[in-house]
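Trainee: My structure is below; once you've seen it, I'll send some questions.
The values are calculated or read from the model by the stated rules, or taken from the named source; none is laboratory data. Here the structure is a predicted model, which means the values were calculated and not measured. Neighbour counts are summed over all protein chains in view; Cβ atoms, including those assigned to glycine, are modelled from backbone coordinates with ideal geometry.
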Amino acid sequence: METVDSVGIAADRATIMAMDDMDVPQCEVGELPDEFGGTAVLLDVREPDEWRGGHAPGAQHIPLGDVPGRLGEIDSEKELFVVCHFGGRSQRVAQYLQRNGFDAVNVVGGMAAWAASGRPVVTDDGSPGTI
C-alpha cells in the first residue's frame with residue numbers, strides 16, 4: 001500500500017514525465033562550467049541509489065519525483081544545468097522547470113557523458129564514485 005507521500009511523489013513524477021517536447025536549451029558536458037556552487041547549479045535528478053553510487057562534485061541532488069515539491073530549493077539566480085543518467089529524465093525536468101519560470105539547460109548524455117569525458121565522479125564522502 002502506498003503512503004500519501006509516495007502517492008504525491010508518483011503524481012509529481014507522472015506530471016514531469018508527461019511534459020510535451022517543448023524546446024529546452026541543451027549543452028554538452030564540455031560546455032559546462034568547471035565548478036558548481038558559485039554562479040552555476042548542476043541539478044542531478046537521478047534516484048537516490050544512483051546518486052549514492054557517484055555524482056558530480058558540487059552537484060545538487062533532487063530526485064525527479066521530488067522536484068515539484070522542492071522548487072524553492074533551486075536557486076533561480078544561478079545558471080541551472082539539469083542532469084540524469086543519460087539525458088532523458090533531465091530533459092523532462094528541464095521542460096518542467098522552464099514552465100515554472102527557471103532558465104534550465106539539459107545536459108546531453110547525462111552523467112554517462114560526464115564520466116566518459118573524464119570529469120570526476122565522487123560519493124558523498126568525497127571518495128571516487130561510479131556511474
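Trainee: Of all residues in the range 111-131, which are touching a Lys or Arg at 6+ places or on another chain (Cβ under 8 Å) and under 10 Å from Val83 (Cα atoms)?
Mentor: Once the filter is applied, which keeps residues that are touching a Lys or Arg at 6+ places or on another chain (Cβ under 8 Å) and under 10 Å from Val83 (Cα atoms), the range 111-131 yields only Met111.
Trainee: In the range 1-42, what residues are out of contact with any helix residue (DSSP H, G or I) (no Cβ under 7 Å at 6 or more places or on another chain), of a type in the set (A, V, I, L, M) and at pLDDT below 65?
Mentor: Those that are out of contact with any helix residue (DSSP H, G or I) (no Cβ under 7 Å at 6 or more places or on another chain), of a type in the set (A, V, I, L, M) and at pLDDT below 65: Met1, Val4, Val7, Ala11, Ala18.
One line per residue, one yes/no per condition, for (1) at pLDDT 95 or above; (2) more than 19 Å from Cys27 (Cα to Cα); (3) surrounded by fewer than 19 Cβ atoms within 10 Å (Cβ to Cβ):
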residue	(1), (2), (3)
Gly53	yes, yes, yes
Ala59	yes, no, no
Arg70	yes, yes, yes
Phe86	yes, no, yes
Ala116	yes, no, yes
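Trainee: Take the residues of the range 25-78 that are among the hydrophobic types (A, V, I, L, M, F, W, C) and in contact with a Pro (Cβ under 7 Å, 6 or more places away or on another chain): which is nearest to Asn106 (Cα to Cα)?
Mentor: Val45
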